[in-house]
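A short write-up of the structure that comes next.
The values are calculated or read from the model by the stated rules, or taken from the named source; none is laboratory data. Everything quoted here is computed from the prediction, not taken from an experiment. Note that each Cβ is placed from the backbone with ideal geometry, even for glycine, and that neighbours are counted across all protein chains shown. These area figures cover heavy atoms from the full protein model, side chains too; ligands, DNA and RNA do not enter into them. Shrake-Rupley method; radii C 1.70, N 1.55, O 1.52, S 1.80 Å.
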Amino acid sequence: MTSASIKLESVTKSFDGKVVAVDGVTLEIKAGEFFSLLGPSGCGKTTSLRMIAGFESPDSGRVHVGGQDITDVPVHHRDMGMVFQSYALFPHRTVAENVAFGLRMRGVSRSEIDRRVAAALAQVALTGFEHRRPAQLSGGQQQRVALARAIVIEPRVLLCDEPLGALDRKLRQQMQFELKELQQRLGVTLVFVTHDQEEALAMSDRIAVMNRGKVEQVGSPTEIYERPRTRFVADFIGEINLLDDGSKPRALRPEKIRLVPTAQARLAGTVETANFLGGATLYRVSAGGRTYLARETHSGERSPRAAGDAVGLAWNDTDIVTLES
Amino acid sequence: MSAAVNKKPFDLGRTAYLGLNLVLLAFLLVPIAIVLVFALNPTPYISFPPVGVSLRWFVKFFEGGDFMRALWLSLWVAACVLVLSVVIGGACALALARGNLPGRAFLTAFFMSPLMLPAILTGLALFQAYLLAGIGRPVWGLIMAHTLVAVPYVLRTTLAVLHNFDRRIEEAASVLGASPTRVFFEVTLPLIRPGVFAGGVFAFIVSFDQFPVSLFLVVPKGETLPVVLFNYMKFDLDGAIAAASMVSILLALAVVVALERLIGLKAYVKL
């Protein structure tokens, strides 16, 4: 399967001439990359994806795939795979007919279709479900059919619009592994839209964090998490302590704060609440007139602190990230 | 076992619910039963209680040249109306639900308006319009008039299906390489078909049963069945009328059953 790079060049899109959904977005997605568009609802991530797919055309800016300008190429000539949150399976067709659809549109021969449909269903572990109807499948199975239908045409690019959003937590996690594994096996460029930061961190090679139609930061999951560039990114990804004591806002992750005896502490404070998370405990500690979040991984030796306990806070200055104001 | 059933506490709500439904069903079905009794009663006038069972009125109906000519005309007109209103109403619903038309609410109300007007006014108005236009009263004029009244039924059922339509399904088809035309025939049409044809059944029945509009637009010796029955009743009130009614009811039923078998209206009912 040949994969293609994607380039968005100062792409802007507004709806009804007033709401700017995507505002001058420039992105370069490498061939074979698992790339996530992450942000809250209304940040422009889905509109960006829909412009890559061709469902929306940008007001200005260009879209390139594999080095070619495809801004004016209609959807059905773009050769992409797409998976929708609602699965969007054809309810009047069987699983096999759903998967065969893209091949049929391409005029592939009957025998070739049968062979490739069987192979695609095997890829998503749905062999034996050929003659079922979508309504007879579970949510996870429907999602797999949608995936098989998208990859069977061997697209250069696979677009996923919150594909796991409708699944329950356990199944979602399993599908995350499967999707990532499938993407690596096929080597396809995958653009993944999600509002779930954990999902983006877990699966992506790189992430673009979007807010109000603009890209706030692009980087690997580690970069995004460890070195957030803006206040929005720091706040949107995981928990964060925002320290507004200087000229520029600074941020410190809860796990970088150590709970120590008050004698060795930078700050002395009192535990407000302790949230047991299983492998760790998240504390809210009031100290120096404000509240700090501190996460402590359980080592097994120390018993967790309770609300009202006096604790000291300590951290290394190198762990503090200075944000753009 | 019956003891166990008897032990069940008396549920007033449920009994009242069942009772109400029985009354409603009776209200709908008893007139049909009465028509059947009259159709089978051999006395030369409509009377109760019946004195026997005979098919003489059915024979009279099927041997009456006027009846038969009217029956075939009505069937022919209804079939044309079915096809026309399905095409027009379906296309209309698609345009209203999908198109970016200005004044959509107004247009919807406009196309539904034949339902608000008393049919007798529609008939009278069309009669005068045809007269002014010098058209006269050809069969196609009658078909057009019936179609006008039938289109809202198709429009309404199709709009209902389109309202619940997940457009991502069409997008999925187009991203898989289907041109807009293919998307329509491969995805849109098969998915809205139950709604369109449910409307088509109504359209057929509305036309087949149509009296007030037809009254103004038929010519002597070219009347539809309801008009012939009405004229017949003015002079004779015998079992032939009841027999004709039974035939009408059975024909309408046959159309519904045939469409259900062919297209599966059940799928529509589920939506």
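When the convex hull of its Cα atoms is viewed from all sides, region A:6-231 shows a mean projected area of 12.6 nm². Is the C-alpha gyration tensor of the protein assembly as shown telling us rounded, prolate or oblate? Criteria: a/c under 1.5 is rounded; beyond that, a/b larger than b/c is prolate, otherwise oblate. Note, shape of the protein assembly as shown comes out prolate. Using Cβ point charges alone (K and R +1, D and E -1), the dipole size of the protein assembly as shown about the Cα centre works out to roughly 800 debye. If you take the Cα centroid of region B:164-188 and the Cα centroid of region B:68-103, the two points sit 24 Å apart. Volume of the convex hull of chain B (Cα atoms only), normalised per residue: 222 Å³.
In chain A, with Lys and Arg counted as +1 and Asp and Glu as -1 at Cβ, which of these residues, A:81, A:105, A:160, has the Cα nearest the positive end of the dipole, that is, farthest along it? About the Cα centre, the residue reaching furthest to the positive side is A:105.
Of the Cα atoms belonging to region B:1-54, the radius of gyration and Dmax stand at 18.7, 53 Å.
Comparing A:190, A:171, A:201 in a Gaussian network model of chain A where C-alpha atoms under 10 Å apart are linked, the largest mean-square fluctuation is found at A:171. The contact between chain B and chain A removes approximately 1800 Å² from the accessible area (both sides summed; 1.4 Å probe; ligands, DNA and RNA excluded).
Taking packing as the residue-averaged number of other Cβ atoms within 10 angstrom, the listed peptides B:215-224, B:133-142 run from highest to lowest as B:215-224, B:133-142. Could you tell me the calculated FRET efficiency between residue B:181 and residue A:173, based on Cβ-Cβ distance and R0 = 45 angstrom, to the nearest 0.05? Result of the calculation: an efficiency of 0.60. Each other residue within a Cβ distance under 13 Å of residue B:56 adds +1 if Lys or Arg and -1 if Asp or Glu, for a net charge of -1. Just the protein heavy atoms count here, and of the accessible area of chain A at 1.4 Å, carbon and sulfur take up 47 percent. Sorting A:195, A:64 by accessible area puts them as A:195, A:64; the probe is 1.4 Å, largest comes first, and only protein heavy atoms count.
Accessible surface calculations at 1.4 Å, restricted to protein heavy atoms, place region A:6-231 at 42 Å² per residue. Only the Cβ atoms of Lys and Arg (+1) and of Asp and Glu (-1) were treated as charged; on that basis the dipole of region B:57-269 about its Cα centre amounts to roughly 380 debye. Scalar couplings 3J(HN,Hα) for region B:39-47, obtained by applying the Karplus form with A = 6.51, B = -1.76, C = 1.60 to θ = phi - 60°, are 5, 9, 7, x, 4, x, 9, 6, 8 Hz; x denotes Gly and Pro.
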